[in-house]
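Below is one structure, written out as structure tokens; the observations come after it.
No value in this document is a laboratory result; all are computed from the given coordinates. It should be emphasised that the depicted structure is a prediction, and the values quoted were computed from it without experimental measurement. Backbone-built Cβ (ideal geometry, glycine too); neighbour counts: all protein chains shown.
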Amino acid sequence: MTRARILIVEDNDKNRKLVRDVLQFKGYETLEAVTGEEAIEIARHAIPDLILMDIHLPGIDGITTVERLRADPATSGIPVIAVTASAMAEDRARIDAGGFDGYQSKPIEVREFIELVEATLARVDGDEQP
Ligand code: MN
């Protein structure tokens, strides 16, 4: 199995460290961004296998970030999981309409989170089979 590379977009240091530690423990390679703008730059250059996207970020929010990733052919095919504490109905509706491939609520429950990451990566791998 190849080592998938995952971009973590999260402005909270503790949350970012937790997700990084969990993913690295499971053998994934990680990249990190603190803002949506930074995430777009890293995604264009590194083309990660998966992006974990916080919604509330300084500057552009996670939903706008995903809209921009989807509009760029270089990054439009990268799966994105929304990771957010947001329980606001309006936000959830925007997430559901925003082209995300999955949804993870915060605080994360580690086993459930890893299962979602693995399932999303497996689905993408499956799509690429001849
Ligand atoms: Mn945040």
* Asked: For the chain, what class follows from the C-alpha gyration tensor (a ≥ b ≥ c being the square roots of its eigenvalues): rounded when a/c is under 1.5, otherwise prolate if a/b is larger than b/c, else oblate?
  -> rounded
* **Point-charge dipole on Cβ atoms (K/R +1, D/E -1) for the range 1-123, about Cα centre, debye to 20** => 280
* Starting from the Cα gyration tensor of the range 9-51, take the square roots of the eigenvalues, sort them a ≥ b ≥ c, and report rounded, prolate or oblate (rounded when a/c is under 1.5, otherwise prolate if a/b is larger than b/c, else oblate). => oblate
* Determine which lysines satisfy two conditions relative to residue 26: a Cα distance under 19 Å, and not lying fewer than 8 residues away in the same chain. => 14, 17
* Charge dipole (the chain, unit charges on Cβ, about Cα centre) - positive-most of 64, 6, 53 -> 6
* To do: Give, as a single signed number, the net charge of other residues whose beta carbon lies under 10 Å from the beta carbon of residue 29, with Lys and Arg counted +1 and Asp and Glu -1.
  => +1
* So for the chain, taking the charge dipole from beta-carbon charges (+1 Lys/Arg, -1 Asp/Glu), which of 93, 30, 75 sits furthest toward the positive end? -> 30
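Give me 106, 14 sorted ascending by neighbouring Cβ count inside 10 Å, so fewest comes first.
Values: 106 17, 14 8.
Going from sparsest to densest Cβ surroundings: 14, 106.
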